[in-house]
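Visitor: One structure, as structure tokens, below. Some questions next.
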Amino acid sequence: MRVSIVGAGYVGVVTGACLADLGHEVALADLDAEKVAALEAGSSPIYEPGLGELVARLAGERLRATTDLASAVAGSELTLVTVGTPDGEKGIDLGHVVSAARTIGSVLAGKPGYHVVAIKSTIVPGTTDGVVIPLLEEASGKEAGVDFGVGVNPEFLTEGRAIVDFQEPDRIVLGACDERVHAALSTLYADFPATVPRILTNTRTAEMIKYASNALLATMISFSNEIADLCSAVGGVDVVDAMRGVHLSHYLSPTGPGGERVPAPISAYLEAGCGFGGSCLPKDVRALVAEAEGLERAMPILRAVLQTNAERPGAMLAIVERELGEISGKRITVLGLAFKPDTDDVRESPAVPIVRKLEAAGAAVTVHDSVVGVLPPALAGLAVKLVEDLGDAIRGADAIVIVTRWREYERLPELVAASDPQPIVVDGRRMLDPSSVERYAGVGR
Ligand code: NAD
């Protein structure tokens, strides 16, 4: 199919490259001329394992990029909208979706034939029917369901494994205003094996599936962190041991065909840590709570999920304080800026509030990340040093705080062994064996 994709961010570029790889003709459109130039030159504007190779191979052929949104839409039969939906004052900010819908609508005004517009951005239930369709109809002077079709195709990729997630989806959710849109979207994904479940539903249900999925993951994380803090308070309990026992329930580790126990991937969300971040979970849970408020639903569980998460940086600081006594004047190295490993995304990373709190408490803070090469804007102006080499970053530190589970940090025991005196290692991800360093402190111990 000839597909235009509006918004060349994480979701847009991954979707575009993978669809082009499947044989579709893809035009990525973005307002950001730098991203477009990078894509046209065959390089990915974001770091994601495997994405650089795909873009390099397909750019200029089945994968094009342009700042001319109108021509991209005009030259396609189906448009996917993948613009950002950040936090707004009350719920999500639909500004980018609104502006994209207006431009697409104005192109549809003069475009002959049937065209499908599908929203891939995460938008709260009811947005497609209540906001997107009226805008498209107004700008085009045409009728949805008659002259053009509208759908919702939420994206479930996880940064750091986005290509695999796209190529091997666990489900394909296709929300639509009518059968014709279901058919067009089904054609887009026709090459995926028949064993991949397709959920053909209405637009609101498709929107809700995405939010309920993310809200569940965030709930698991905050639940685990609440249990971790209780383990510390009780004493004599390590949350890692406690959760291992929980994971072995047959609900979480069913028995495989050979009698072996197979841990469900959801177990990864049932581990102690320093909180969830990124561009999705925090803002999506906030958006759902805000939407519920408008519908006079209190959502006490999801509110508590956010509250528990907001307290994680303070909990990390408390561990450092407990171990060092006084933070002021101490040299502290924070390991990891990305909100999770295998991505360079620092949006809402727990590292930011942790670094800010340490700096405010008077520590001399050094940071390191395996991929992120510049300090996030939220840390600009602070006396924080970003050091490229891990060995250099931890040299002379009084405390090392692990925030991102980068593989490289598995080398820490070997690197700190030579330090004299030994720094305290505060493991915010419980990734090291506590006996592997002389002075170890972890969340939930
Ligand atoms: P992003 O900020 O990385 O990319 C959005 C892009 O849209 C930017 O490049 C921006 O320049 C462009 N843009 C904004 N307005 C535009 C317009 N009018 N015309 C053309 N381009 C425009 O965002 P993202 O992380 O790719 O997320 C996009 C959406 O997908 C969001 O709703 C997000 O919640 C959802 N989502 C993200 C992920 C993820 O892991 N990043 C996963 C699933 C769903």
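Visitor: Of all residues in the stretch 141-155 being farther than 12 Å from Thr128 by Cβ and in contact with a strand residue (DSSP E or B) (Cβ under 8 Å, 6 or more places away or on another chain), which is farthest from the ligand (Cβ to nearest atom)?
Guide: Once the filter is applied, the top-ranked residue is Lys142.
Visitor: Right, here's the next one. What about Thr85, is it within 10 Å of the ligand (Cβ to nearest atom), assigned to a loop (DSSP other than H, G, I, E, B), modelled with pLDDT of 95 or more and hydroxyl-bearing (Ser, Thr, Tyr)?
Guide: yes
Visitor: Search the stretch 243-285 for residues being away from the ligand (no atom under 16 Å from the Cβ), open to solvent by less than 40 Å² (accessible area, probe 1.4 Å) and not in a loop (DSSP other than H, G, I, E, B), and hand back the single one that is farthest from Leu337 (Cα to Cα).
Guide: The residue in question is His247.
Visitor: So which residues in the stretch 307-328 are buried (at least 18 other Cβ atoms within 10 Å of the Cβ) and free of Cβ contacts under 8 Å to residues at least 60 places away in the same chain? Step through it out loud before you land on a result.
Guide: Initially, the stretch 307-328 is screened for residues buried (at least 18 other Cβ atoms within 10 Å of the Cβ), giving 308-309, 312-313, 315-317, 319-320, 324, 327.
Within the stretch 307-328, Pro313, Leu317, Ile327 meet the criteria.
Visitor: Only one of these conditions is not met by Leu157: (1) part of a strand (DSSP E or B); (2) touching a Phe, Trp or Tyr at 6+ places or on another chain (Cβ under 8 Å). Which number is it?
Guide: Of everything listed in (1) part of a strand (DSSP E or B); (2) touching a Phe, Trp or Tyr at 6+ places or on another chain (Cβ under 8 Å), Leu157 misses just condition (1).
Visitor: For the condition assigned to a loop (DSSP other than H, G, I, E, B) and either farther than 25 Å from Asp345 by Cβ or not polar (S, T, N, Q) (or both), what is the one hit in Gly52, Gly130, Gly42, Gly105?
Guide: Gly42
Visitor: In the stretch 1-29, how many are more than 15 Å from the ligand (Cβ to nearest atom) and not in a strand (DSSP E or B)?
Guide: So the count comes out to 6.
Visitor: Among the candidates Ser224, Ser213, single out the residue that is part of a helix (DSSP H, G or I), under 28 Å from Val443 (Cα atoms), in contact with an Asp or Glu (Cβ under 7 Å, 6 or more places away or on another chain) and at pLDDT 95 or above.
Guide: Exactly one of Ser224, Ser213 is part of a helix (DSSP H, G or I), under 28 Å from Val443 (Cα atoms), in contact with an Asp or Glu (Cβ under 7 Å, 6 or more places away or on another chain) and at pLDDT 95 or above, namely Ser224.
Visitor: Read through the list (1) on the phi > 0 side of the Ramachandran plot; (2) surrounded by fewer than 19 Cβ atoms within 10 Å (Cβ to Cβ), then give the number of the only condition that Gly7 fails.
Guide: Only one criterion is unmet by Gly7, namely (2).
Visitor: Okay, next question. Only residues that are under 22 Å from Ser99 (Cα atoms) and either open to solvent by 30 Å² or more (accessible area, probe 1.4 Å) or among the hydroxyl-bearing types (Ser, Thr, Tyr) (or both): list them for the stretch 10-29, please.
Guide: Tyr10, Val11, Thr15
Visitor: Give me a count of the residues in the stretch 104-126 that are surrounded by fewer than 16 Cβ atoms within 10 Å (Cβ to Cβ) and either within 15 Å of the ligand (Cβ to nearest atom) or under 24 Å from the mean Cα position of the chain (by Cα) (or both). I'd like the intermediate steps shown before the answer.
Guide: Going residue by residue through the stretch 104-126, those that are surrounded by fewer than 16 Cβ atoms within 10 Å (Cβ to Cβ) are 109-110, 112-114, 126.
Still in the running and either within 15 Å of the ligand (Cβ to nearest atom) or under 24 Å from the mean Cα position of the chain (by Cα) (or both): 126.
The number of residues fulfilling the criteria is 1.
Visitor: If you check every pair at least six apart or on different chains, which have Cβ atoms under 7 Å apart with a residue in the stretch 272-285 that is touching a residue at least 24 places away in the same chain (Cβ under 8 Å) and within 16 Å of Pro86 (Cα to Cα) first and a residue that is away from the ligand (no atom under 16 Å from the Cβ) and assigned to a loop (DSSP other than H, G, I, E, B) second?
Guide: Filtered contacts from the stretch 272-285: Gly277/Pro350.
Visitor: Answer yes or no: is there a residue in the stretch 46-63 that is near the ligand (Cβ under 10 Å from one of its atoms) and surrounded by fewer than 24 Cβ atoms within 10 Å (Cβ to Cβ).
Guide: For the stretch 46-63, residues near the ligand (Cβ under 10 Å from one of its atoms) and surrounded by fewer than 24 Cβ atoms within 10 Å (Cβ to Cβ): present.
Visitor: What residue, among those in the stretch 64-76 that are more than 14 Å from the ligand (Cβ to nearest atom) and outside any loop (DSSP other than H, G, I, E, B), is most open to solvent (accessible area, probe 1.4 Å)?
Guide: Arg64
The values are calculated or read from the model by the stated rules, or taken from the named source; none is laboratory data. These numbers were taken from a predicted model, which means no experiment stands behind them. So basically every Cβ, Gly included, is an ideal-geometry build from the backbone, and we count neighbours across all protein chains shown. The protein model used for the area step is the full one, side chains on, heavy atoms only, and it has no ligands, DNA or RNA in it. Shrake-Rupley method; radii C 1.70, N 1.55, O 1.52, S 1.80 Å.
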